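The values are calculated or read from the model by the stated rules, or taken from the named source; none is laboratory data. As the structure is a computational prediction, the values presented were derived from the model and not from experiment. Cβ coordinates were reconstructed from backbone atoms using ideal geometry, including for glycine residues, and neighbour counts include every protein chain displayed. Heads up: the accessible areas ignore ligands, DNA and RNA and are worked out on the full protein's heavy atoms, side chains in. Shrake-Rupley method; radii C 1.70, N 1.55, O 1.52, S 1.80 Å.
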Amino acid sequence: MSVIFAPEGRPASIYVHIPFCERLCPYCDFAVAIRKEIPEEDYVQALIKEWEARKYRLSGRELVSVYFGGGTPSILSGAAIPRVLDSFSSVMNGVREVCVEANPTSVTDEKIRAWAAAGVTRVSLGVQTFSERYLRALGRNHDSDGALRAVELLLGSPLDISLDFIVGGPGNDRGEVEDDLRLLEKFGVDHVSAYQMTIEENTAFGKQNKRGELRVPKDDTVAELLDQMRDGLEAMGFEQYEVSNFGRAGVRSVHNQNYWRGGEYLGLGVGAHSLSISVIAERRANSRNLKAYLADPTEAHELETLYDLDHCRERLFLGMRSISGFELGALRRQFPHLDNDYFERVATSLAPFVNRGWLTQDDELYQPTKVGLYFSDSMAEAIFEVE
Ligand code: SF4
C-alpha cells in the first residue's frame, strides 16, 4: 500500500551531481567521469533541460537547500554553477543553504567570488587529512600544502565552510589524527564531517584488500581513531549531531538534515537520486552513464515505488543516525496503512536499546545517545527484522 500525503509546505532539497574528477581515487565508488576535456557546456545545458522537465516535482514544496555534489563540482569553471543556480531562480526564495563540494586542487579565489555572488552560502572541502603520508596512501591528487592553501582561501571568503576527513584508511594512526585536530583548532572552522573509511569491493582498494595487499588498521584501531577524532572535536566545542557530522553551536548542514528527516529531494545529473512523496512515494535513480545522460537527460533513469514498510524502515534507519532521532507517533501518522501492531512491535524491539543507554525515550520520541550513535547500524538491523 502506498502513502497518501499532502505535499504543501513540506521541506524539499535539490541535489545536483557533477560527476567529473581529475583522476579516480582508489577507494571511490561514486558516479564519476574522468575526462581530460570536460564537456562543461553540454553538461550544464543537460542539467538545465532536466530541471525544466522535472521542476513540477517541487510544486507546493518549500525548497530549503541546494547541494552541488560529486565528483568534483569545483572542477567546473566559475560560471557554471551560477548558470545552473540561475535556472532555479523561481524557487529559490526560502532557500537557507546553497552548498558546493570542492577539492583543494580546483578551488580558486575567482570561483569562490563567482559562487558567492550567485548565492552559494557554503563550501564543503574534501581535505581528507592534512598528513602528507596519509594523503598519498589515500591516493589523493592534492598535497598537504594544497589543503592548507584551500582552507585559508575559504576562511578569507564570506562563505561558511565544512571540512571532510576520512578516518581509518591505510596506515592511519593516532599521530595523524592528532595533527589533523591541531590544525582544525588553529583554523577554527564551524563544521566537520569525519567519515570512516569504507572499502568497497569494486574499487582499487577493494581489490588490493582481497589480495591482502592493503594495510588498513584493524577494526579496534579504527574505533579508537574515531573516538579520538570525536573527543578532540568535542573538546573544541563541536557537537556530534549525526554519526559522521560535527558542528559548533547551532551550525548544521541544512541539506543533510532535510535528508535525514525524510524530506523530499530532487536529484539532477548523472547518477543522481530523487525521492518524491505524493500519492505514492517514488525513488528515482538517474543513469550513471554520462553518454546516456547527455543524449537525453530526462529519460536515462530508473523508477522504484517505495512501499510503506520499506519507507518507514528507511526513516527509522536515518533517525538512528542523527541526534534528532525519530518520533513513532509521527511515523504512525505518515504511514497510516501500516498495521497498528507494527509500531507496537517496533517499540518493543527498541526497549532493550533504551535500557542499554543507546537511546533516550520521551513518550514516543527516541533519540540516540552519544554511545548509541556508534551502534546505529546494529539498532537499525534489529528494527529491519520487525515485520
Ligand atoms: S575526488 Fe571524490 S568523487 Fe572524485 S574520484 Fe576522488 S573520491 Fe571519487
**Message:** Shape verdict for the range 11-258, please, from the Cα gyration tensor: rounded (a/c under 1.5), prolate (a/b greater than b/c) or oblate.
**Reply:** prolate
**Complete:** Whole-percent carbon and sulfur contribution to the accessible surface of the range 79-185 (1.4 Å, no ligands, DNA or RNA) stands at 45 percent
**Prompt:** Taking 0.36 nm per residue of separation and subtracting the Cα-Cα distance, what length does fully extending Asp145 through Arg174 add?
**Reply:** 8.4 nm
**Asked** Do any of Lys55/Lys370; Lys111/Lys291; Lys49/Lys111; Lys218/Lys370; Lys55/Lys111; Lys218/Lys291 go past 31 Å between their Cα atoms, and which?
**Response** Lys55/Lys370; Lys218/Lys291
**Fill in**
Ordering 97-103, 339-345, 306-312 by per-residue average of other C-beta atoms within 10 angstrom, highest first, gives 97-103, 306-312, 339-345
**Message:** Computing the accessible area with a 1.4 Å probe over protein heavy atoms, can you report the carbon and sulfur percentage for the range 307-387?
**Reply:** 50 percent
**Message:** Counting only helical runs of four or more DSSP H residues, what would the 222 nm mean residue ellipticity of the chain come to if each run contributes -39,500 (n - 2.57) and the total is spread over all its residues?
**Reply:** -11500 deg cm²/dmol
**Item:** HN-Hα J in Hz across the range 22-29 - Karplus 6.51, -1.76, 1.60, θ = phi - 60°, x for Gly and Pro
**Value:** 6, 7, 8, 6, x, 10, 7, 10
**Asked** So for Tyr366, Tyr15, what's the accessible-area order with a 1.4 Å probe, most first?
**Response** Tyr15, Tyr366
**Item:** Reach of Lys207 by Cα under 15 Å, taken over aspartates and glutamates that are not fewer than 8 positions away in the same chain
**Value:** Asp29
**Request:** Take every DSSP beta bridge whose two residues both sit in the chain, then give the antiparallel share in percent to the nearest 5.
**Result:** 40 percent
**Asked** Quick one: accessible area per residue over the chain, 1.4 Å probe, rounded to a whole number of Å²?
**Response** 45 Å²
**Prompt:** Amide H to amide H under 5 Å from Leu268: which residues, 5+ apart in sequence or cross-chain, H placed 1.01 Å off N in plane?
**Reply:** Tyr15, Val16, His17
**Proximal aspartates and glutamates to Lys210, defined as alpha-carbon separation beneath 15 angstrom and excluding residues fewer than eight positions away on the same chain** = Glu200, Glu201
**Fill in**
The cysteines in the chain that find no other cysteine Cβ closer than 4.7 Å to their own Cβ are Cys21, Cys99, Cys312
